[in-house]
2 protein chains.
Amino acid sequence: MKLSERQLQILQAIIYDYVENAEPVGSRSIAKKYDFGVSPATIRNEMSDLEDMGYLTHPHTSAGRVPSDKAYRLYVDDLMQKRSLSAKEKRFINERLAANRDEFDQTIRHAAKLLSEITQLTSFVMTPTTNQDTISFVKLLPADEETVILMIVGDSGRIMNTSLRIDNSYSKDVLDILSKNITVNYKGRTLDEVLQSEIVKEASSDIETLNSLIGKVRPTFIKTLEDMLDVNLYMEGMTNIFDIPEYSSIDKAKAFLEIFSKREEFTRKILERGDGVVVTIGDENDSMEDCSLITATYHVDGKLVGKIGVIGPTRMKYDEITSIIEYFTKNLNETFKLTDGKDK
Amino acid sequence: MKLSERQLQILQAIIYDYVENAEPVGSRSIAKKYDFGVSPATIRNEMSDLEDMGYLTHPHTSAGRVPSDKAYRLYVDDLMQKRSLSAKEKRFINERLAANRDEFDQTIRHAAKLLSEITQLTSFVMTPTTNQDTISFVKLLPADEETVILMIVGDSGRIMNTSLRIDNSYSKDVLDILSKNITVNYKGRTLDEVLQSEIVKEASSDIETLNSLIGKVRPTFIKTLEDMLDVNLYMEGMTNIFDIPEYSSIDKAKAFLEIFSKREEFTRKILERGDGVVVTIGDENDSMEDCSLITATYHVDGKLVGKIGVIGPTRMKYDEITSIIEYFTKNLNETFKLTDGKDK
DNA sequence: GTTAGCACTCGTTGCTTAAGAGTGCTAACT
DNA sequence: AGTTAGCACTCTTAAGCAACGAGTGCTAAC
C-alpha cells in the first residue's frame with residue numbers, strides 16, 4: 001500500500017523530531033511544531049495507520065510514536081535529501097585532515113578521529129584490502145652474512161619486505177635465481193591466489209642448495225603474503241556512546257562495546273559490505289540489531305579499497321552523516337592518489 | 001603509630017571481605033565470619049581506631065567500613081602473601097599460551113586476552129621498548145631500478161627495513177659507501193641518541209651524488225628509527241568492567257573507558273613504571289584515582305623490555321593477580337628467550 | 001580491656017498518590 | 001468522507017512517606 005503525500009510528510013516530521021530529541025513523539029507536538037494545518041486528532045489517525053503499516057511503533061499504550069527500522073529505510077531510500085556540506089564545513093574538514101598526512105595508518109586513523117568528533121558517534125577505518133593486488137616481482141637480497149631480505153612488490157606499488165636469518169650464507173647468484181624463479185611463477189597472480197593455491201608449497205628445483213634455500217624462505221614468504229593481506233581496523237570515539245540516550249543503560253552500553261571486542265567478526269562484516277556509501281539499519285545488521293552502520297569506501301592509488309564508517313543508534317542523522325562520510329572519502333581518495341610506494 | 005596484631009588481622013579480614021563482596025563490611029559480620037573470639041563491639045572499637053588512622057572509611061554514618069587506598073597499600077606491602085599457583089593453574093596457563101606462538105604481537109596479545117579472561121579485569125600488553133637498543137649496522141640495498149631498501153639492524157638482533165623509491169638509480173658502490181658512512185657514524189649508539197642528536201641532520205659529504213642520496217634517504221632513515229622506537233599497546237577485556245559493581249554507573253564506566261581513549265597518555269604512564277611487578281593503588285595513579293594498576297615486565301632475548309598488566313578497581317585480589325602476572329612474565333620470558341631476529 | 005544494651009542515623013524498599021503525556025474512541029461538524 | 005473536539009483510559013514518572021534493617025557510637029556494667 002502506498003503512503004499518501006501527507007503520510008510521508010508526517011512520517012518525515014516524526015523521524016526528524018525523534019532523531020532530534022530521542023523521545024517518542026506525540027500527535028500534539030507534531031501538529032504544533034510542523035504546520036500541517038490539521039488538528040492533532042487527524043495526525044493521530046494518520047499515525048495509527050502508519051503504525052498498522054509498520055512504520056511506527058509504540059513503546060507502550062500511552063506513549064508517543066517511534067520510527068521503526070522500516071521507516072528509517074524508507075527515509076534513507078526515498079525521503080532524505082543529501083545535504084551538501086557548506087564551504088565552511090568543507091574547509092574545516094580539509095584543514096584538519098591535511099594536518100596529518102605523514103604515514104598511511106596514521107592518516108586514516110586521524111580521519112576516523114575527526115569523523116567521530118564531528119558526528120559524535122563511534123567511527124572506524126580499515127586499511128585497504130590487497131587480496132586483489134597482483135604480484136609484480138619478488139626479490140631476495142643478501143644483507144649480511146646471516147641475513148637475507150625478502151621483498152615482495154605488488155602491481156599496486158605496495159612493497160613489503162621481511163628479513164630472515166639463515167644459517168649458512170648463499171651467494172647472490174643463488175638468491176637471484178630463486179628470486180627469478182619465484183617471480184616467474186607468481187607474477188600477475190593475486191596474493192590471494194598465491195596463498196590459496198598449493199603452488200607455493202610445490203615449488204622445487206633440481207639443484208640441491210636451491211632446494212634447501214626454498215625450504216627456508218617458504219615460511220617467511222607465506223607469512224609476508226599473509227601480512228600483506230591483513231587489514232588493520234582502527235576504532236575511535238567509543239566513549240561517545242555514553243552521551244547517547246539509547247546507551248544510557250549499562251546493559252545497552254555493554255552490548256554495544258562488545259561488538260568491538262569481537263574484532264575479527266566485525267572486520268569480516270565490514271569487508272563484506274558493498275562499495276560506495278552503504279547504510280544498514282537495525283535489523284539489517286545481524287547481531288547488531290540496535291545499531292545503524294554507515295560505511296563508505298576510499299581508494300588508494302585509485303585501486304586498493306579501504307573502508308571508513310560510523311556506527312551508532314538507529315536514530316541518527318542519516319542525511320548529514322552520509323554526506324560527511326562521502327566527503328571524507330573524496331578527501332581521502334585525493335590524498336592517496338599520488339601516493340608513493342612506501343609500504344603501509 | 002603501629003598497628004597491633006589484632007588490628008592487622010581485623011584489617012586483613014575487612015579487606016578480604018570487601019574484596020570478595022564489594023560491600024561495606026560491618027563489625028557484626030566480621031565478628032561472626034572470622035573467629036577473633038571477641039564481640040562485635042570490640043571489633044567496632046578497633047575499626048573506629050583504624051578509621052582514625054586512615055585505613056578505613058565510612059560511606060555514611062550508618063554504613064559499614066571500606067578499606068582506604070592506604071589500607072590496600074599496607075596489605076600489598078606487608079600483609080598479603082604471594083599465592084603460588086597450583087600445578088593445575090600453571091598447566092592451564094602454559095597450555096593456553098603455547099597454543100599461539102606464531103608471531104610476536106599475536107603472541108603477547110593472546111597473553112593479554114588470557115590474562116583478562118583469568119582475572120576478569122581489563123588487561124594490556126606493550127611491545128618492548130627499544131630505545132636502549134643500539135645500532136649494529138645500517139645497510140642500503142638496491143632492489144630494482146627505482147627502489148632501495150634501507151635496513152637497520154640493532155644489537156638486540158631486531159631488524160627493520162623499509163623500502164624507498166628514488167628516481168634515478170645509484171650504483172651499488174655508492175649505496176655501499178653511504179651504508180658504511182652511516183654505520184660508522186651511529187654504530188653503538190642507542191636509537192634514542194641517534195634520533196635526539198642533531199647528527200642525523202648534519203651528515204654530509206664532499207661527493208655530489210652522495211649528498212643527493214643522503215637527502216633522499218634521511219627522511220626514511222629517521223622515520224624508520226621512529227618506527228623502531230614505537231611501542232604497540234593492546235588492550236583486552238574492556239567490557240569486563242561492566243560486570244564490576246564499581247563501574248555499574250554510566251559515569252564511572254565512561255571515566256574508566258576514557259582512560260583508554262587517551263592511548264598515548266596511558267602508554268606513557270605505563271612506560272614510566274619500574275621493572276618487575278609494580279602495584280599502584282588509587283591515588284597513586286594520577287588521573288586514574290579509582291583504579292589500581294598492576295604491571296610487570298617481560299623480556300625478549302633477555303634484553304628488550306615489554307610490559308604486561310591489568311587495570312581494575314582498587315578493590316581487587318592483589319595477591320592472586322600479582323602471582324598470576326608474575327607467572328605470565330615467566331612464561332613469556334621463556335617463550336621469547338631464543339627468539340630469532342625477525343622484525344616485530 | 002571487653003561487652004551488652006540502646007538510641008540514633010541513614011539508605012533501601014515498598015506503597016500510595018498525583019501529575020502529565022498521549023492514545024483511542026465516539027459523536028458531531030463541514 | 002474527512003476532520004475535529006471531547007473525554008475516558010492507560011501508562012510512566014516523580015514525590016512523599018512509613019517501615020525496615022544494617023550499622024554505628026556511646027555508656028555503663030562486667
- Task: Report whether or not A:Tyr298 is open to solvent by 30 Å² or more (accessible area, probe 1.4 Å) and in contact with a helix residue (DSSP H, G or I) (Cβ under 8 Å, 6 or more places away or on another chain).
- Result: no
- Item | Options A:Ala63, A:Ala98: the member that is of a type in the set (A, V, I, L, M, F, W, C), out of contact with any Phe, Trp or Tyr (no Cβ under 8 Å at 6 or more places or on another chain) and more than 30 Å from A:Val231 (Cβ to Cβ) | A:Ala63
- With respect to B:Ile15, determine if the residue is open to solvent by less than 40 Å² (accessible area, probe 1.4 Å) and touching an Asp or Glu at 6+ places or on another chain (Cβ under 7 Å). no
- Qualifying position, being under 16 Å from A:Thr314 (Cα atoms) and either within 14 Å of DNA strand D (Cβ to nearest atom) or touching a residue at least 40 places away in the same chain (Cβ under 8 Å) (or both), among A:Ala31, A:Ala63, A:Ala41, A:Ala22: A:Ala22
- Item | Considering residues of segment A:75-98 that are outside any helix (DSSP H, G or I) and surrounded by 11 or more Cβ atoms within 10 Å (Cβ to Cβ) only, the residue nearest to the other protein chains (Cβ to nearest Cβ) | A:Leu85
- Query: When you scan segment B:50-100, how many residues do you find that are within 16 Å of DNA strand C (Cβ to nearest atom), charged (D, E, K, R) and touching a Leu at 6+ places or on another chain (Cβ under 9 Å)?
  - Reply: 1
- Item | Residue in segment A:207-233 that is farthest from the other protein chains (Cβ to nearest Cβ), counting only those that are of a type in the set (A, V, I, L, M) and more than 32 Å from the chain's Cα centre (by Cα) | A:Ile207
- Message: If I filter segment B:36-46 for residues that are away from DNA strand C (no atom under 16 Å from the Cβ) and among the aliphatic types (A, V, I, L, M), do I get at least one hit?
- Response: no
- Message: Quick check on my filter: what residues within segment A:167-197 are within 14 Å of another protein chain (Cβ to nearest Cβ), in contact (Cβ under 8 Å) with a residue 24 or more places away in the chain and more than 30 Å from A:Val231 (Cβ to Cβ)?
- Response: A:Lys172, A:Leu175, A:Asp176
- Taking segment A:269-303, which residues are hydrophobic (A, V, I, L, M, F, W, C) and without any contact (Cβ under 8 Å) to a residue 60 or more places away in the chain? A:Val277, A:Val278, A:Met288, A:Cys291, A:Leu293, A:Ile294, A:Ala296
- Query: Hey, any hits in segment A:37-55 for a residue that's open to solvent by 70 Å² or more (accessible area, probe 1.4 Å), under 30 Å from B:Asp227 (Cα atoms) and among the charged types (D, E, K, R)?
  - Reply: no
- Query: Within segment A:312-328, is there a residue that is modelled with pLDDT under 95 and either out of contact with any helix residue (DSSP H, G or I) (no Cβ under 8 Å at 6 or more places or on another chain) or open to solvent by 10 Å² or more (accessible area, probe 1.4 Å) (or both)?
  - Reply: no
- Query: Has segment B:236-243 got at least one residue that is of a type outside the set (Gly, Ala, Ser), over 14 Å from B:Thr122 (Cβ atoms) and out of contact with any helix residue (DSSP H, G or I) (no Cβ under 6 Å at 6 or more places or on another chain)?
  - Reply: no
- segment B:234-251: number of residues that are over 22 Å from A:Lys262 (Cβ atoms), open to solvent by 40 Å² or more (accessible area, probe 1.4 Å) and within 9 Å of chain A (Cβ to nearest Cβ): 3
- Message: If I filter segment A:1-35 down to residues being under 34 Å from the mean Cα position of the chain (by Cα), away from DNA strand C (no atom under 13 Å from the Cβ) and of a type outside the set (A, V, I, L, M), which single residue comes out as nearest to A:Arg73 (Cα to Cα)?
- Response: A:Gln12
- Query: If B:Lys254 satisfies every condition in (1) surrounded by 14 or more Cβ atoms within 10 Å (Cβ to Cβ); (2) more than 8 Å from chain A (Cβ to nearest Cβ); (3) among the charged types (D, E, K, R); (4) within 24 Å of B:Ser123 (Cβ to Cβ) but one, which is the exception?
  - Reply: (2)
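The values are calculated or read from the model by the stated rules, or taken from the named source; none is laboratory data. Remember, predicted model here, so these are calculated numbers, not experimental data. Don't worry about glycine lacking a Cβ; one is built from the backbone with ideal geometry, like all the others, and counts go over all protein chains shown. For accessibility, only protein heavy atoms count, side chains too; no ligands or nucleic acids. Shrake-Rupley method; radii C 1.70, N 1.55, O 1.52, S 1.80 Å.
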